[in-house]
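Data first, discussion second: the structure below is written as structure tokens.
The values are calculated or read from the model by the stated rules, or taken from the named source; none is laboratory data. Model, not experiment: these values are computed from the prediction. Neighbour counts run over all protein chains shown; Cβ positions are idealised from the backbone, glycine included. The protein model used for the area step is the full one, side chains on, heavy atoms only, and it has no ligands, DNA or RNA in it. Shrake-Rupley method; radii C 1.70, N 1.55, O 1.52, S 1.80 Å.
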Amino acid sequence: MTHRAAFPAFLMLVATAALLNLQARRDGKDIDENKSVLAGGMMCASSGCHDDESLSTFNTDGSVVLEGLPATYEPGQVYQDLRLIIEDSQGGGVFGFQMAALFEDGSSAGQLLPDFPNTDLFQIDEALVLLHTPVPLQTGEVPFVWRAPFDSQGDVLFRVAANAANDNNDPSFDHINTLEQTVSAPVPSVESYFAQVGDGVAGNIRFTTSLILVNSSSSPAEVQVDLFDSNGDPLEVELGELGSGSSFAVELEPEGGFSAETAGEQDLRVGYMRLSAPPSVGGTAVFRRSQVETGIALFETGVPASSPLQSFSLFVDQRAPRSTGLAIVNTGDQPAEVTLSVFSLQGVEQNGSPNVIELQPGNHRAQFVDQLLPDLPVDFAQGTMTVESTQPLAAVTLRQEADPAPFPASVPLLTAFPVVPR
């Protein structure tokens, strides 16, 4: 095949029944496949189409730009309004290009779709390449469409080689330019839980929960926050500027943060919070108790985010006036059989344990140790508890001190601790 256009056409890819040829120029000169965008070097100037020794330039006088590509792709998403821009400082007026979207192994990443006259797709081995047809382009602005891969196999490398030719049937002063631009693979969200939250009024006491998030990444982060009551049903709250609801989407700026507090205006309800976020996002749920009439804070405690576990331990302190509690959430999709065992500081299992409780999927339970183990000896002071579950549990330890000196008896202390994975 020969080019009909009277200009030094650029690295044409033509699929024939016998073999794949890379052709260029009007005389149909074959170009080695290693000179195409599928190769890392992309030495188009040495292909014979345009020769540095004949005063053409390579990545010097012109430039090639990709506009509209996302920083991170969503699997299966169709990205439109994308644009390849080939600039020409000499004003030559005719253009050519080839472009591929590749995974690290060189296979096509998703599908490039032509969206402009005289552009088409050609296949070489496992890769599809978008390029101009033998008819030259009269503009350096070429729109195209990209469907992101349905399965995320890593970052996608967009590799472009482009030229701006002066249409004088001579390679001199034709400009060769290349570009490599990476679109990052989506970062999978990680689920974590704040296993104890509360909102509302009980008597003269108001309970609220503040959500505090921090993004430690230099990239934006999208966070999904869902609240549930102890039965696993959606728990509707008013959460600061996000308004009312049980499910909230939060966008964090690079290195940014977020804070919002529930209103605490309804009757007291307790439950838990699920956080779906990239690994770069961490946070705390601050559980606060205050007087309704005065607004004076009686205590607040930070509930750490926890990842689901099936086996963990915690320290138990039952020395009066202290008491230790455990909040757990069944994050699995099946009923959980939870086995609780208590040991002395010397590792001796105590009378009345183990005890087995059942927790339905999505259910939450928060009780003190002596409530979870009603047969625990009354003189038990300190030790450890082990928890073994048939389903993953999110958990946090709570320690309360009912009449801590020098505070009044009406001002208890509450502290939250993470559990210890086994």
If you take the square roots of the eigenvalues of the alpha-carbon gyration tensor of segment 299-345 and sort them as a ≥ b ≥ c, do you get rounded (a/c under 1.5), prolate (a/b over b/c) or oblate? oblate
What is the projected area of the convex hull of the Cα atoms of segment 354-399, averaged over all directions, in nm²? 3.8 nm²
Does segment 156-261 come out rounded, prolate or oblate, given a ≥ b ≥ c as the square roots of the eigenvalues of its C-alpha gyration tensor, rounded meaning a/c under 1.5 and, failing that, prolate meaning a/b above b/c? prolate
Could you estimate the translational diffusion coefficient of segment 289-418 from the Stokes-Einstein equation, with Rh from the Kirkwood formula over C-alpha pairs, at 37 °C and 0.692 mPa s, in whole µm²/s? 209 µm²/s
What do you reckon, how do ASP267, ASP199, ASP229, ASP120 stack up by accessible area (1.4 Å probe), largest on top? ASP267, ASP120, ASP229, ASP199
Dividing the alpha-carbon radius of gyration of segment 307-380 by 2.2 N^0.38 Å (N being the number of residues), what value is obtained? 1.14
Quickly rank 210-216, 79-85 as a protection proxy: mean count of other C-beta atoms within 10 Å, highest first. 210-216, 79-85
Got a sec? What order do THR294, THR301 fall in by accessible area at 1.4 Å, biggest, i.e. largest, first? THR294, THR301
Ignoring everything but the protein chains, give the 1.4 Å probe accessible area of ARG147 in square angstrom, nearest 10. 80 Å²
Please list, short to long, the whole-number percent of alpha-carbon pairs of segment 231-362 in consecutive 5 angstrom bins beginning at zero. 2, 6, 13, 17, 17, 16, 14, 8, 5, 2, 0
Probe 1.4 Å, all chains present, heavy atoms only: ASP151 accessible area in Å², nearest 10, is 110 Å²
Ignoring everything but the protein chains, give the 1.4 Å probe accessible area of THR390 in square angstrom, nearest 10. 70 Å²
